[in-house]
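All remarks here apply to the structure that follows.
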Amino acid sequence: MQSLSQKKICLLYAGGTTFGPDFNLAMLKKWISNSFELQMMAQVEPYFVWHGAGADVPWDLAGRLTTIIKDNYKKYDGFVITHSIDNIVYTSSLLAFMAQNTGKPIIFTGPALPEENEQIFFQQKKKPISFGEFETLAIKSGLINAVQIATMDNSEVGVVIGNHLVRATQAKFNWDDPGKYLSFFQKHSLARIQFGIHLNNYVKKRHENDPEFNGKFISRVKILDVHPESEADLANKDYAGIFIRGFQEQLYPSRYNLPKHIPVCVYSQGTEIKSDNVFICSGINYETAVAKFVWVLGQTSDIKKVKKLMGQNLAGEF
Amino acid sequence: MIIYLQDPQKTEAATLLVKSGVQLWQKPQDAGPMDTWDQININPLERVDGLLLEITKADAQINYLLAQAILLQKETLCFFEKSNPPRPLLMYLRRKNVPRSIQIKSYCKNNLKDTLYKFVKSIKPTLQIAEVPNIKYTLRMTESLENYLNWKSQHGKINKADFIRDNLKKIMEEDQDYFKWRNK
């Protein structure tokens, strides 16, 4: 179906709403072509990147998405990525570090409905469903919003959360508010979605400068949570770095046996440094800090440089 | 009944609809505090009964609203100046796969009111549109009728024009022959 708009949007399917277990690129293309609503706003061209359970998403997905965006950067006016709620904040944050200074928007959107509901929905319908049939569910028109935002004057790597657009490095999981999966750090909304979409004036505008794509990362990172009687015997393990969600004063229990030759990043507001390879990370969203650590380790293994990069504002994370 | 109106041409639509008793949403504040919508995590467009979109100068915002209207299966009237049709959008909206909930109508100054009221009535047939008595009517009275009107106005605490209109309306509403004729 020909679009009403001249804007070209690349839709990267990386999970989220599935249309059955055998969903594939041909089905995705057909679905896009029949989605009158999407074609109203832009010429949407789909790429099939990932199709699996949200909880199984690997770090590498961000790298694959970055490669496709890099290879097709000049071809499109913006990029939209569908992604399961599980892991969306990790993938989007990591991608924000991998694709810096982009002059075009890269917008993530969650699924039209939670996966468990989705299964029930499919069982009840017993036939292919159209996009419009999701309309009564909670996170409904996210894709339309994301496509519209991707056509607008901004160059953010963002996530559509409810009625807001949030910078990817500010998006976080929500543990406090029942029924809402995601929230955002420091309450900085880039755009409000009400009758239309209203970008705030501090949104980064489109630009023609060269983007910096760097998809290197290292996933050999041990991520720990401290709690009473927690143990960590990691001195002889083959990790590139250790990330600890620590206590607020003494960071982690003295019984922890940590290596001295790799970076140990402690997410805490404490100040007590226990070793030369240990440093504190604060003032940043937890999930973003983890993703950033994974990316930074891909750039350098030098502990001082890792510490320095972790403290710099690279993608609007602080 | 809540109608969302997008009217970049600034026609008389808003005035006509408000006068007719329709609750109109045009800007975010009309829907109440944003926090309320954040709490329930829905777009306020989901709560309107219909959309009125002036599409003479269609733009990306109109396209977006139309996409939302289609997705939400909202009754929508796209209206445009008869003398200035937005041809690319009209060609698009006249395709087979456009849902029936999307109506398209041209208007001129004389029929805008009828166009809007018909749409509003199509969403909610039971809605009593508060008509505005804006047609001037000169009427000669007999002396006895004038005396009666004066007395009624003073003792009934109603102005003379309202009294005449109310009674005429009552006669009209009970006149089955008239309705049969009108519905032919």
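Are there any pairs with C-beta distances below 7 angstrom linking a residue in segment B:159-184 that is under 28 Å from B:TYR148 (Cα atoms) to a residue that is assigned to a helix (DSSP H, G or I) and modelled with pLDDT of 90 or more, with the two at least 6 apart or on different chains, and if so which? Between residues of segment B:159-184 that are under 28 Å from B:TYR148 (Cα atoms) and residues that are assigned to a helix (DSSP H, G or I) and modelled with pLDDT of 90 or more, the close pairs are B:ASN159/B:SER153; B:LYS160/B:LEU149; B:LYS160/B:SER153; B:PHE163/B:LEU149; B:PHE163/B:LYS152; B:PHE163/B:SER153. Of all residues in segment B:63-75, those that are more than 12 Å from chain A (Cβ to nearest Cβ) and either more than 16 Å from the chain's Cα centre (by Cα) or more than 10 Å from B:VAL48 (Cβ to Cβ) (or both) total 0. If you check A:SER268, A:SER275, A:SER282 for being of a type in the set (Gly, Ala, Ser), surrounded by 12 or more Cβ atoms within 10 Å (Cβ to Cβ) and farther than 30 Å from A:THR102 by Cα, only one passes: A:SER268. The residue of segment B:1-22 that is surrounded by the most Cβ atoms within 10 Å (Cβ to Cβ), among those that are small (Gly, Ala, Ser) and in contact with a strand residue (DSSP E or B) (Cβ under 9 Å, 6 or more places away or on another chain), is B:ALA13.
Which residues, taken from segment B:174-184, are in a helix (DSSP H, G or I) and surrounded by 10 or more Cβ atoms within 10 Å (Cβ to Cβ)? If you could, list the steps in order and put the result at the bottom.
Initially, segment B:174-184 is screened for residues in a helix (DSSP H, G or I), giving B:176-182.
Hits for segment B:174-184 are B:TYR178, B:PHE179.
Restricted to segment A:76-92, and to residues there that are among the hydroxyl-bearing types (Ser, Thr, Tyr) and outside any loop (DSSP other than H, G, I, E, B), the residue that is surrounded by the most Cβ atoms within 10 Å (Cβ to Cβ) is A:THR91. Candidates are the residues of segment B:76-90 that are surrounded by fewer than 16 Cβ atoms within 10 Å (Cβ to Cβ) and touching a strand residue (DSSP E or B) at 6+ places or on another chain (Cβ under 7 Å); the one that is nearest to the other protein chains (Cβ to nearest Cβ) is B:LEU90.
For the subset of segment A:212-244 comprising residues that are under 25 Å from the mean Cα position of the chain (by Cα) and among the basic types (Lys, Arg), which member is nearest to A:THR91 (Cα to Cα)? So, considering only residues that are under 25 Å from the mean Cα position of the chain (by Cα) and among the basic types (Lys, Arg), the one nearest to A:THR91 (Cα to Cα) is A:LYS216. Scoring B:LEU45 on the criteria (1) within 12 Å of another protein chain (Cβ to nearest Cβ); (2) in a helix (DSSP H, G or I); (3) over 24 Å from B:LEU90 (Cα atoms) leaves a single failure, condition (3).
So, in segment B:20-42, of the ones that are in a helix (DSSP H, G or I) and facing chain A (nearest Cβ under 8 Å), which residue ends up farthest from the chain's Cα centre (by Cα)? Let's see the steps before the verdict.
Here is the first cut: in segment B:20-42, the ones in a helix (DSSP H, G or I) are B:28-31, B:34-40.
Those left that are additionally facing chain A (nearest Cβ under 8 Å): B:28, B:31, B:34, B:37-38.
On the way: B:PRO28: 20, B:ALA31: 19, B:MET34: 26, B:TRP37: 26, B:ASP38: 30 Å.
Only one residue fits best here, namely B:ASP38.
Of the candidates B:SER106, B:SER122, the single residue that is more than 10 Å from every other protein chain (Cβ to nearest Cβ) and free of Cβ contacts under 8 Å to residues at least 40 places away in the same chain is B:SER106.
Restricting attention to segment A:46-66, the residues being of a type outside the set (Phe, Trp, Tyr) and surrounded by 15 or more Cβ atoms within 10 Å (Cβ to Cβ) number 11. Against the condition more than 11 Å from every other protein chain (Cβ to nearest Cβ), part of a strand (DSSP E or B) and either aliphatic (A, V, I, L, M) or free of Cβ contacts under 8 Å to residues at least 40 places away in the same chain (or both), how does B:LEU17 come out, does it pass? No; evaluated as a whole, the condition is false for this residue. Of the candidates A:VAL203, A:VAL159, the single residue that is among the aliphatic types (A, V, I, L, M) and in a strand (DSSP E or B) is A:VAL159.
Within segment A:181-194, identify whether any single residue is surrounded by 18 or more Cβ atoms within 10 Å (Cβ to Cβ), of a type in the set (A, V, I, L, M) and over 25 Å from A:GLY54 (Cβ atoms), and answer yes or no. The answer is no; no qualifying residue exists.
Quick check on this structure: which one of A:LYS305, A:LYS274, A:LYS292, A:LYS260 is over 21 Å from the mean Cα position of the chain (by Cα), of a type in the set (D, E, K, R) and under 25 Å from A:THR66 (Cα atoms)? Spell out how you get there, then give the answer.
On the way: A:LYS274 fails: under 25 Å from A:THR66 (Cα atoms); A:LYS292 fails: over 21 Å from the mean Cα position of the chain (by Cα); A:LYS260 fails: under 25 Å from A:THR66 (Cα atoms).
Just one listed residue meets the conditions, A:LYS305.
The values are calculated or read from the model by the stated rules, or taken from the named source; none is laboratory data. This structure is a prediction, so every number in the text was calculated from the model and none was measured. All Cβ positions, even for glycine, are placed from backbone atoms using ideal geometry, and neighbour counts span all protein chains on display.
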